């Protein structure tokens, strides 16, 4: 094996390149049009452009990828995760082309991809299962309802062909089943090209624990311990750790054994993960087979950190026909590792994805960072909004959690709203500290989603913004007055937060500042005085003393975007124009798109009467569905979009006349 | 790099390194200075608060009524017109002190940056007598236009004025006429004039927009007419509607007086900024020739260096060590004419020649100064005159030594010098010393005073003494016995009068300077002044009057 093509993008492509390079193997990237400038393309020894932008047009297009393989002369293909990684037809096509497939056999993929078949095989291997049922497309509504009732509510709708939370819905009761099914099928079709779904009992307050297994072509199968990935948003993992803090000691070995048994049952070759649901606590705890993922998992780094092994290296060795580098008893986990997934999304606003330029991105070196982006990258709406995985290993779980939280706090992330504060809040929460991490974690700790930055930090950062202004080129202090008369005013809109007005003035002895709410009249309302404010320029930062606490703040400007970082907190603001644009008032009125994306469904036409909350248009962005609803009752005057149309953020989709009386 | 001035306040060079400053009177000077500054701050606070009367409650009501109409105070308007965090050098804030005009004259003037362009800004304070123009307002406005003309600064007027202060019409009608002439003369020499009207701008005031290059009128607020409805009724018996007579919309759509129609105050200021931006104004001076460096010594110490009693001398180099960049000073003719310190340094990165008094002017000093001024003109370097001067030396020996013709050389050089002069009144300014050191009458671009500054034809004591001697001589010549005791109260009263008419406040009240500054602000005030003078080309003199040899 001399040249690997990675049929993937972003961080996993870079991850594979890193190991390949270390093993003396050349690397080839394939890339879509929006990814042309991405770091993974630059880092590869060669790159092949794919025509198109969306996943379906590019990274999911088997023909284009195979064409790329032929063109660049790669003798091996690594599929990464997602995209074609669990597509048996692709694996077969690669193999048929005489190219090494770095992954399990197409049969293994197929067996585990069909979840019903997977369960049958698991049962045969003696692995316990959760109650569930198949749901062929042909069934009538009554039959579906009966099957659902048998499974029992609450239940989950899952895509038969999928994983990663795509096409997955929780259904609490029978009356919302139909809509959930339709929506899940649509998403499954979009993500996996197959709308088939199945039902499964939804176990509340359960944990998601998975076992990493590895098999080789010589009949060996080992496990590399477990990972707990219970903390999930919309069924997508965001915090993963190893070992599990909540798995009863008595269950660990049986779980490993079950995973290995299943892998052996199907003659598994390569990296795989057997996922389990762990329900109940202590003596009542039990585990059930969930599914097997026939690929390298996103969260594989936690296993690498505790075992000290390179799983991509193992994949390559196994694909070359070598035996597993270590026997079971030579694999000894050490310490505790935690990974978080840093997303460009706003947890407080329904995980609204955020696109744009990532002006700066650095993470303190205590953490391992697996990232597809770097400073200056544009994050587009075409793909998953994950920016990076940040992983820390330490001697124990507490140290790992605290070090990871501190690394996240110290990270510089400029230009995009991220879930950083939310991740920090999770890692620092009491519930996390005591290991009470179930899949209901975020529902039970909702404050971690809207992780509030303390008021004094917001005040400090506002002072830093105004205190950071440098002198004139001839050395006169910013805003200097020989007759200090009135406050200077600065309107700031916090990204993902409230707006405020800072009233400030340099005085002979320092700095006076106060703040007003964004809606206040700065010429009439009295600002809230911030008391003694210390401002002292320091290198490329400014030391702010507020409430007796001094902190060094770095203020970075990108046009009207202002980013403030102190060692523990970061905030981002947009400078509000001092003068309103008086001509921008007119124009169409109606619901607009929250993110850029592609219109999948248009549910209304001109003249329709709609009620508040009614779905007007469905948008797919970053593989997620966003339904755009009417914010009040009214009549549709004009529909401005059609299915398949790509739209920008904040585009009006439907013009509504909310005053018009129904006819 | 020029040599660095060493201060006697510097513990590292003082024998024994004692903590007590060896400058005599540092502590008491500082205390006296802080007391003066507190008085000045109190006066400034009244000006800033607006209202213009002596009654704070009445003022507060006036201001509240103004705000109630959604209007801003003049310094708020200025802040919004300026770039965020632009410095602003306000001029003559205490003009009118000691007169029966409102303090500050109901108008704020100064220099600040709009889209990076330094502009002279003149803003009426409509809370002070409705923004009407008294003698102080007129004088301040004329001075602002003079500074704009000499330094080539675009002029932005923020207008809201009821016109002439009618009870004082006799004092302002004739001199006030020059305002409009000077406004159009600015335009004639290519200096842009922009006027934003937020309210009344009537009668003569209507010519402020009328004479400006650019006019912005605020909708439903600006009223611009030669005669208001009452006058129209009186003159031609017409019942005129205010809006039709002089409303912003009328002028924007019908008369054409308005170039831009603003929706509200903020919109007017936004348009004003936009106009200045499109001027693409470029400074014509050479600009700074190096990066600014803070002085080695703390300007805070300037509070204790100048003597509280102007009769007590103080070391001018101690001041320069706290004003010049890096405290660097290349002294010229250090060994000759020791009571006039001359040399080169930088302020805010701008090169500057310095003449600073260290005592009475003798012949040597006069000639040294005259030579130095010519050198600065050769190089095209602005000159800072730091005045602490009780006059030219008198006495038989000095008259015979030619003090008149030597002093004349200095005055000749000062008068005909064409590089910008900045004059800093850091102590006494008595007699012809004021002239030789570029006093107000010698057209320095800017004059700033410290609170301890005293200015008169001579010191009050000397003046009273001279008066006594003259009176005695007169009495004796007419054969009347001079009664010293009887004359004493008269002499004291005269001394008192001269004293009170020679203070910094008295001087600033009459616009003999461009404002009293806190000594700690000296560097910033001079830097901004130097920046302003660099808006115009800097050219040295090519000829002088005949130097009498």
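The values are calculated or read from the model by the stated rules, or taken from the named source; none is laboratory data. Just so you know, these numbers come straight off a predicted model, no measurement behind them. Don't worry about glycine lacking a Cβ; one is built from the backbone with ideal geometry, like all the others, and counts go over all protein chains shown.
Only residues that are in a loop (DSSP other than H, G, I, E, B), out of contact with any strand residue (DSSP E or B) (no Cβ under 6 Å at 6 or more places or on another chain), facing chain B (nearest Cβ under 10 Å) and under 22 Å from residue B:518 (Cβ atoms): list them for region A:485-523, please. Hits for region A:485-523 are A:485, A:486, A:508.
One residue alone among B:289, B:264 is within 13 Å of residue B:221 (Cα to Cα) and in contact (Cβ under 8 Å) with a residue 60 or more places away in the chain, and that residue is B:264. For residue B:73, the criteria (1) more than 21 Å from residue B:271 (Cα to Cα); (2) at the interface with chain A (Cβ under 9 Å from one of its Cβ atoms) hold in every case but one, which is (1). Is it the case that residue B:331 is within 29 Å of residue B:29 (Cα to Cα), away from every other protein chain (no Cβ under 14 Å) and assigned to a helix (DSSP H, G or I)? No. The condition (being part of a strand (DSSP E or B) and either over 19 Å from residue A:14 (Cα atoms) or modelled with pLDDT under 95 (or both)) is satisfied by just one residue among A:92, A:134: A:134.
Got at least one residue in region B:299-316 being under 22 Å from residue A:471 (Cβ atoms), under 24 Å from the mean Cα position of the chain (by Cα) and modelled with pLDDT of 95 or more? Quick ask: steps written out before the conclusion?
Filtering region B:299-316 for residues under 22 Å from residue A:471 (Cβ atoms) gives B:299-302.
So of that shortlist, the ones also under 24 Å from the mean Cα position of the chain (by Cα) come out as B:299-302.
Next, from what is left, pick out any that are modelled with pLDDT of 95 or more: B:302.
Within region B:299-316 (the criterion being under 22 Å from residue A:471 (Cβ atoms), under 24 Å from the mean Cα position of the chain (by Cα) and modelled with pLDDT of 95 or more), the answer is yes, since at least one residue qualifies.
The number of residues in region B:250-308 that are closer than 30 Å to residue B:390 by Cα and within 12 Å of chain A (Cβ to nearest Cβ) comes to 4.
List the strands (runs of 3 or more DSSP E) inside region A:270-367, counting only whole elements, that have at least 3 residues being in contact with a strand residue (DSSP E or B) (Cβ under 8 Å, 6 or more places away or on another chain) and over 22 Å from residue A:127 (Cβ atoms).
On the way: elements: A:270-279, A:286-293, A:336-343, A:356-358, A:360-362.
Output list reads A:336-343, A:356-358, A:360-362.
The residues of region B:436-449 that are surrounded by fewer than 18 Cβ atoms within 10 Å (Cβ to Cβ) and in contact (Cβ under 8 Å) with a residue 12 or more places away in the chain amount to a single one, B:443.
Matching residues to (1) outside the structural domain of residue A:385 (by TED's automatic domain parsing); (2) modelled with pLDDT of 95 or more; (3) not in a helix (DSSP H, G or I):
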residue: A:16; (1), (2), (3): yes, yes, no
residue: A:21; (1), (2), (3): yes, yes, no
residue: A:24; (1), (2), (3): yes, yes, yes
residue: A:28; (1), (2), (3): yes, yes, yes
residue: A:48; (1), (2), (3): yes, yes, yes
residue: A:55; (1), (2), (3): yes, no, yes
residue: A:77; (1), (2), (3): yes, yes, yes
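Quick check, is residue B:92 more than 11 Å from chain A (Cβ to nearest Cβ) and over 15 Å from residue B:269 (Cα atoms)? Criteria not met by residue B:92.
Would you kindly identify the helices (runs of 4 or more DSSP H) lying entirely within region B:453-549 that contain at least 3 residues that are closer than 22 Å to residue B:150 by Cβ and in contact with a strand residue (DSSP E or B) (Cβ under 7 Å, 6 or more places away or on another chain)? Steps first, please.
Details: elements: B:460-477, B:484-500, B:504-509, B:522-533.
The qualifying helices (runs of 4 or more DSSP H) are B:522-533.
Among the residues of region B:345-373, those that are out of contact with any strand residue (DSSP E or B) (no Cβ under 7 Å at 6 or more places or on another chain), under 30 Å from residue A:475 (Cβ atoms) and surrounded by 22 or more Cβ atoms within 10 Å (Cβ to Cβ) comprise B:347, B:348, B:350. Might you let me know whether region A:526-534 holds any residue that is within 14 Å of another protein chain (Cβ to nearest Cβ), in contact with a strand residue (DSSP E or B) (Cβ under 7 Å, 6 or more places away or on another chain) and either at pLDDT below 90 or under 29 Å from residue B:118 (Cα atoms) (or both)? No, region A:526-534 contains no residue that is within 14 Å of another protein chain (Cβ to nearest Cβ), in contact with a strand residue (DSSP E or B) (Cβ under 7 Å, 6 or more places away or on another chain) and either at pLDDT below 90 or under 29 Å from residue B:118 (Cα atoms) (or both). Does region A:585-594 contain at least one residue that is away from every other protein chain (no Cβ under 14 Å), modelled with pLDDT of 95 or more and surrounded by fewer than 20 Cβ atoms within 10 Å (Cβ to Cβ)? Looking through region A:585-594, none of the residues is away from every other protein chain (no Cβ under 14 Å), modelled with pLDDT of 95 or more and surrounded by fewer than 20 Cβ atoms within 10 Å (Cβ to Cβ).
Answer yes if at least one residue in region A:453-462 is within 12 Å of chain B (Cβ to nearest Cβ) and either more than 19 Å from residue B:85 (Cβ to Cβ) or touching a residue at least 24 places away in the same chain (Cβ under 8 Å) (or both), and no otherwise.
Narrowing region A:453-462 to residues within 12 Å of chain B (Cβ to nearest Cβ): none.
Checking region A:453-462: not a single residue is within 12 Å of chain B (Cβ to nearest Cβ) and either more than 19 Å from residue B:85 (Cβ to Cβ) or touching a residue at least 24 places away in the same chain (Cβ under 8 Å) (or both).
Mind checking whether some residue in region B:123-142 is touching a residue at least 60 places away in the same chain (Cβ under 8 Å), under 21 Å from residue B:284 (Cβ atoms) and touching a strand residue (DSSP E or B) at 6+ places or on another chain (Cβ under 6 Å)? So far as region B:123-142 goes, no, none of its residues is touching a residue at least 60 places away in the same chain (Cβ under 8 Å), under 21 Å from residue B:284 (Cβ atoms) and touching a strand residue (DSSP E or B) at 6+ places or on another chain (Cβ under 6 Å).
Select, from B:5, B:9, B:43, the only residue that is touching a helix residue (DSSP H, G or I) at 6+ places or on another chain (Cβ under 9 Å) and modelled with pLDDT of 95 or more.
Details: B:5 fails: modelled with pLDDT of 95 or more; B:9 fails: modelled with pLDDT of 95 or more.
Among B:5, B:9, B:43, only B:43 is touching a helix residue (DSSP H, G or I) at 6+ places or on another chain (Cβ under 9 Å) and modelled with pLDDT of 95 or more.
Within 16 Å of the chain's Cα centre (by Cα) and farther than 17 Å from residue B:207 by Cβ - does that describe any residue in region B:183-191? Scanning region B:183-191 turns up no residue that is within 16 Å of the chain's Cα centre (by Cα) and farther than 17 Å from residue B:207 by Cβ.
Quick one: which residue in B:524, B:452 is away from chain A (no Cβ under 14 Å), under 23 Å from residue B:387 (Cβ atoms) and surrounded by 20 or more Cβ atoms within 10 Å (Cβ to Cβ)?
Working: B:524 fails: away from chain A (no Cβ under 14 Å).
Exactly one residue qualifies, and that residue is B:452.
As for region A:424-446, it holds no residue that is touching a helix residue (DSSP H, G or I) at 6+ places or on another chain (Cβ under 7 Å), within 14 Å of chain B (Cβ to nearest Cβ) and not in a loop (DSSP other than H, G, I, E, B). Just to be sure before I move on: is residue A:475 more than 14 Å from chain B (Cβ to nearest Cβ) and at positive phi in the structure I sent? Here the answer is no, as residue A:475 does not meet what is asked.
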